[in-house]
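Heads up: the structure comes next, in structure tokens.
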Amino acid sequence: MDPTYDATKPDANEIAKWDERYATGVEKVDSQHKELIKLTNDLYRACLSGDAATNVVFKDTLHRMVDYVRFHFNDELVILKRINYPEYNDHKSQHDILVKKVLDAVKDFETGKRFVANNFVRDLKDWIFEHIGHIDKKYAFYISELKKRGLITDQQLL
């Protein structure tokens, strides 16, 4: 992640902003969520920059998003497996939906199918915040309860 990037700082060329209400309490996951927001904003800026730039920058950023989404989801699922999260399978299914959506978008973009980059970025932003704000908050509460009862430590979440 770019150390100079501040996901909470307003910028007119961004579509998404981090807010602490999305924090899960797992530092590693929250840091990765901020990177997903940064990549979403990179995609948005590519949309604003014009056709030639969109084709080059958007394609590169879309591939970085695919790689990062896979990396993040893997990390998150490892944590959920480690703590025996009871809704693990449902959570994984939610991840699978986004991965398919992003991969389909990459395919559509690269094969020249009708693809509205700006709409894709808006949908992606909505999905990310919906997922973090509702689905991830469920496991954040579960983790918080386990910590309160002394059943897990922050070290186990690394």
message: Per DSSP helix of 4 or more residues, -39500 (n - 2.57); summed, then divided by the residues of the chain. What does that give at 222 nm, rounded to the nearest 500?
response: -21000 deg cm²/dmol
- request: Work out, step by step, the length gained on full extension between L103 and E145: first 0.36 nm times the residue separation, then minus their alpha carbon distance; give nm to one decimal.
  value: 11.6 nm
The chain: most fluctuating residue of K148, K38, K100 per GNM, C-alpha cutoff 10 Å: K148
- prompt: Most mobile of I97, I128, I143 per a Gaussian network model of the chain (Cα springs, under 10 Å)?
  reply: I97
- prompt: Whole-Hz Karplus ³J(HN,Hα) for the stretch 16-29, in order, using 6.51 cos²θ - 1.76 cosθ + 1.60 and θ = phi - 60°, x for Gly and Pro?
  reply: 10, 10, 6, 9, 4, 5, 8, 4, 8, x, 9, 3, 4, 5
- request: Could you calculate the contour length gain from F71 to K92, that is, 0.36 nm times the residue separation minus the distance between their Cα atoms, to one decimal place in nm?
  value: 6.2 nm
- request: Determine ³J(HN,Hα), in whole Hz, for all residues of the stretch 108-123 in sequence, where each value follows from phi through the Karplus function 6.51 cos²θ - 1.76 cosθ + 1.60 and θ = phi - 60°; x replaces Gly and Pro.
  value: 4, 4, 6, 9, x, 5, 4, 8, 9, 4, 4, 5, 4, 5, 5, 5
- line: Stokes-Einstein, Kirkwood over Cα pairs, the chain, 10 °C, 1.306 mPa s; D in µm²/s equals 96 µm²/s
- line: Once phi for every residue in the stretch 93-100 is put through the Karplus expression 6.51 cos²θ - 1.76 cosθ + 1.60 (θ = phi - 60°), the whole-Hz ³J(HN,Hα) values, with Gly and Pro written as x, are 4, 4, 4, 4, 4, 5, 4, 4
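No value in this document is a laboratory result; all are computed from the given coordinates. Keep in mind the model is a prediction, meaning the values are calculated, not measured.
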